[in-house]
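Structure first, then comments.
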Amino acid sequence: MTTPRAVLFDVFGTLVDWRGSVIAGLSAFGASRGIAADWAEVADGWRRAYRPAMDRVRRGAIPWTILDDLHRDALVELARRHGFAPLDDDECDHLVKLWHRLSPWSDVVAGLARIKRIAIIGPLSNGHLALQVALAKRNGFPWDVTFGADLFRHYKPDADVYLGACDFLGLAPHEVMLAAAHNDDLAAAESCGLRTGFISRPAEHGTATGDRARPTGDWTLVARSVEDLAARLGA
């Protein structure tokens, strides 16, 4: 296999432990205010609201809306349902920004540094540019380029995201690889002509991850981690 000229990465779940990070942030918030709730269920419910909210944007049911605002709308409903409403504006802002402070899996930074030596690297996420910059600054992600969904005004799995990134880079789709822990993301990228790298994340959804941590397609590469992907790419 020839080395792709660019490797772009899904971020939530693939590079960062959104679930563990959000549970920790919610738990600290609750402890500071004497609020008790099932914070793991709140985190999982917040993530479950992610795809339906983006799909409303993708269908044109609501105008283009960045992920922070979609997260905020979902948080208000979750707070009501789980008994920690009402939240004031500052509390909402603090909790929404938990998604800007997610911690990486342990293999990520070293693996990215290796791949950067042989290819252009960057995020291709449904998070917007400001969120991606915040995660990179917090975690030391050594990006060559940073994409956010707001650059395309589309959310994955819309083809505009995958092909738009290729256009920005001046590369043909077959010169670009998407690396992700999610089979549906890889299937959409493959349908646009990109190469695909599956990275298994068995802990992404806690004990509920199940078969989602296994490849279901004939992906270009299958890896156990970003460092393993680097090795399979020859970095």
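Criterion applied to T216, T220, T207 was being touching a Gly at 6+ places or on another chain (Cβ under 7 Å), β-branched (V, I, T) and in the same structural domain as D144 (by TED's automatic domain parsing), and the one residue passing it is T220.
Among the residues of segment 190-232, the one identified as touching a residue at least 40 places away in the same chain (Cβ under 8 Å), in contact with a Ser or Thr (Cβ under 6 Å, 6 or more places away or on another chain) and either part of a loop (DSSP other than H, G, I, E, B) or among the aromatic types (F, W, Y) (or both) is T220. A count restricted to segment 197-226 and to residues that are in contact with a Lys or Arg (Cβ under 7 Å, 6 or more places away or on another chain) and under 14 Å from F9 (Cα atoms) stands at 3.
Residue-wise test of (1) of a type in the set (S, T, Y); (2) under 28 Å from P157 (Cα atoms); (3) touching a residue at least 40 places away in the same chain (Cβ under 8 Å); (4) not in a loop (DSSP other than H, G, I, E, B).
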{"position": "V57", "(1), (2), (3), (4)": "no, yes, yes, yes"}
{"position": "W64", "(1), (2), (3), (4)": "no, yes, yes, no"}
{"position": "V109", "(1), (2), (3), (4)": "no, yes, no, yes"}
{"position": "I121", "(1), (2), (3), (4)": "no, yes, yes, yes"}
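Of all the criteria given as (1) modelled with pLDDT of 95 or more; (2) over 15 Å from S125 (Cα atoms), the one not satisfied by A85 is (1).
Residues in segment 102-119 that are in contact with a helix residue (DSSP H, G or I) (Cβ under 6 Å, 6 or more places away or on another chain) and under 18 Å from G25 (Cβ atoms): L102, S103, P104.
For segment 125-132, the criterion of being out of contact with any Leu (no Cβ under 9 Å at 6 or more places or on another chain) and either buried (at least 18 other Cβ atoms within 10 Å of the Cβ) or under 29 Å from G234 (Cβ atoms) (or both) is met by at least one residue. Here L163 fits the description: touching a Cys at 6+ places or on another chain (Cβ under 9 Å) and either part of a helix (DSSP H, G or I) or crowded, with 18+ Cβ neighbours inside 10 Å (or both).
The values are calculated or read from the model by the stated rules, or taken from the named source; none is laboratory data. Owing to the predicted nature of the structure, the values given are computational and were not obtained by experimental measurement. Neighbour counts run over all protein chains shown; Cβ positions are idealised from the backbone, glycine included.
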